[in-house]
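Each remark here refers to the structure printed beneath this line.
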Amino acid sequence: MGVVNVTPNSFSDGGRYLDHQDAVAHGLRLIAEGADLIDVGGESTRPHAEPVPADEQIRRVVPVVEQLAPHVRVSVDTRTAAVAEAAIAAGATLVNDVSASLHEVAAAHGVGWVAMHMLGDPRTMQDDPRYDDVVTDVRDYLVERAETGRSAGVDEVWIDPGIGFGKTLAHNLALLARIDELVATGWPVLVATSRKRFLGTLLATSDRTDEVGTDDRLEGSLATATWAMARGARMIRAHDVRPTAEAARVVAA
Ligand code: HH2
């Protein structure tokens, strides 16, 4: 799953593809690099981000979805029902839902649905997140969401632990270390670690005291994607599609 963020403030590529033609060109490039699916989003969900009104998200994503859908499967990255509906009308066939609440929209339109785990919402999710056992809590939540989606009539349901969404470094690492427990539920698992902050923290060294920037997180992104794929994750959401697709081919072999 290649990422096209049509936003001014996404944490790693914000502002780069705000122009529709730039976003479409980027999506076409990701297809050429091996993406099976392009995820188009018009709202950043980075920590502390403010919600974006539905009409603004629609203005950002619909023209891009329309132009990419003839070439590739398109998902819409949104937690807003009206945006999901507009993107589906424009050709999207998967709702990538960080709120895990849009199953009825997916069911009504006969499209797939990704249920992601997030603790709270982006404005507050990184304020001291706590779990009894993060892996068990996230797994139980996702299984409940997936079963609800299936009962509502969604045929294609994915689950996603939501790396970085209300999680400390230790939480993210536990979810990856025990990703097999999510795979064992039988629901197909999507993992998205690409360029995320915990990689910057892990890769920081004494001469780079704080954290490694988003453009220097490729190796960490690939290491975690490969780890997850080798343990059964079936989809990887990635900004750097060519290297990730190559890693996927090697794991598959
Ligand atoms: N992470 C981001 C956005 N959408 N969707 C799923 N299913 N899983 C994720 O972990 C996930 C996601 C955040 O990354 P990005 O789109 O690069 O940044 P932003 O939210 O700032 O636009």
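The values are calculated or read from the model by the stated rules, or taken from the named source; none is laboratory data. Owing to the predicted nature of the structure, the values given are computational and were not obtained by experimental measurement. Glycine also receives a Cβ, built like all others from the backbone with ideal geometry; neighbour counts cover every protein chain displayed. Keep in mind that these areas ignore ligands, DNA and RNA; they rest on the heavy atoms of the full protein, side chains included. Shrake-Rupley method; radii C 1.70, N 1.55, O 1.52, S 1.80 Å.
The table for this structure:
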quantity: Taking the chain and dividing mean pair separation by its residue count, relative contact order in percent (alpha carbons under 8 Å, at least six apart); calculated: 16
quantity: Summed side-chain charge close to residue 217 - residues other than residue 217 whose Cβ falls under 10 Å, Lys, Arg +1, Asp, Glu -1; calculated: -2
quantity: Exposure of residue 231 as accessible area (Å², to 10), given a probe of 1.4 Å and all protein chains; calculated: 90
quantity: Heavy-atom accessible area per residue - the chain, 1.4 Å, Å²; calculated: 42
quantity: Net dipole in debye of region 112-207 [+1 Lys, Arg Cβ; -1 Asp, Glu Cβ; about Cα centre; nearest 20]; calculated: 320
quantity: P(r) of the chain over all Cα-Cα pairs, binned every 5 Å from zero, in whole percent; calculated: 1, 7, 14, 18, 21, 19, 13, 5, 1, 0, 0
quantity: Listed residues 103, 241, 153: farthest to the positive end of the dipole of the chain (Cβ charges); calculated: 241
quantity: Nearest-20 debye value, region 1-81 charge dipole, Cβ charges on Lys, Arg, Asp, Glu; calculated: 60
quantity: Point-charge dipole on Cβ atoms (K/R +1, D/E -1) for region 206-253, about Cα centre, debye to 20; calculated: 480
quantity: Distance from region 21-52 to region 187-253 (C-alpha centre basis), Å; calculated: 17
quantity: Added length on full extension, which subtracts the Cα-Cα distance from 0.36 nm per residue, residue 169 to residue 29; calculated: 47.2 nm
quantity: Net charge over other residues, Cβ less than 10 angstrom from the Cβ of residue 97 (K, R count +1; D, E count -1); calculated: 0
quantity: Protein accessible area in region 1-93, 1.4 Å probe - carbon and sulfur %; calculated: 51
quantity: Size of region 156-208 as Cα extents on the principal axes (Å, biggest first); calculated: 45, 18, 16
quantity: Separation in nanometres of the label points that stand 7 Å from Cα toward Cβ, at residue 56 and residue 147; calculated: 3.9
quantity: Under the Karplus curve 6.51 cos²θ - 1.76 cosθ + 1.60, θ = phi - 60°, whole-Hz ³J(HN,Hα) for region 22-31, x wherever Gly or Pro sits; calculated: 5, 5, 5, 4, 5, x, 5, 5, 5, 4
quantity: Percent carbon-and-sulfur accessible area, region 123-216, ignoring ligands, DNA and RNA, probe 1.4 Å; calculated: 46
quantity: Where only alpha carbons of region 1-122 are counted, the Rg and the Dmax (Å); calculated: 13.0, 37
